[in-house]
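Please treat every number below as a calculation from the coordinates, not as lab data. Predicted, not measured: the structure shown is a model, and the values here were computed from it. Cβ placement follows ideal geometry from the backbone for every residue including glycine, while neighbour counts extend to all protein chains displayed.
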Amino acid sequence: MNFDNILNCPTSTVLAMNDCLTVMNGKWKAPIIGTLLSGPKRFKDLENVITKISPRMLSKELKELELNNIVRRKVYDSRPVRIEYELTESGFMLKPIFGAMVKWGLQHRADVFGKPENEIEEGFK
């Protein structure tokens, strides 16, 4: 892709950016995708890692991510039934975007709050 085209804003570029933002829209989708970048997780594991999300909201967001082919729900034939969520190939394509977002976010916080990265990270533990 030629990123110089972004300056010219052809319709295809605007639509592609809009599609990405639509899929990522909401408070919880980024944390869910970010958590699944480390590998498949069960529902309860996601609940434990992503604090303050209700089970109902987590279920809703996972369903939307499934519809958008970002997350795959795998049901294992066992007793009790085991269900895991994992990223699809399309979901894993978001990894460099998340890396760039984290890098930008850490720098932005340092610029805004005037603290080194390690002090900012310690404030969130």
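Structural remarks
- Modelled spin-label separation between LYS60 and HIS108, with each label point placed 7 Å from Cα along the Cα-to-Cβ direction: 2.4 nm.
- For LYS41, neighbours were defined as the other residues whose beta-carbon sits under 15 Å from its Cβ, and their charges (Lys and Arg +1, Asp and Glu -1) total +1.
- Neighbour-count ranking [beta-carbon atoms within 10 angstrom, fewest first] of ARG42, ARG72: ARG42, ARG72
- Rounded, prolate or oblate (a/c below 1.5 giving rounded, otherwise prolate when a/b exceeds b/c) for the stretch 11-125 by Cα gyration tensor: oblate
- Dipole magnitude of the stretch 4-88 about its Cα centre (Cβ charges: Lys, Arg +1; Asp, Glu -1), debye to nearest 20: 520 debye
- Since only TRP28, SER78, VAL14 are under comparison, the one whose Cα sits farthest along the positive direction of the charge dipole of the stretch 4-88, derived from C-beta charges on Lys, Arg, Asp and Glu, is SER78.
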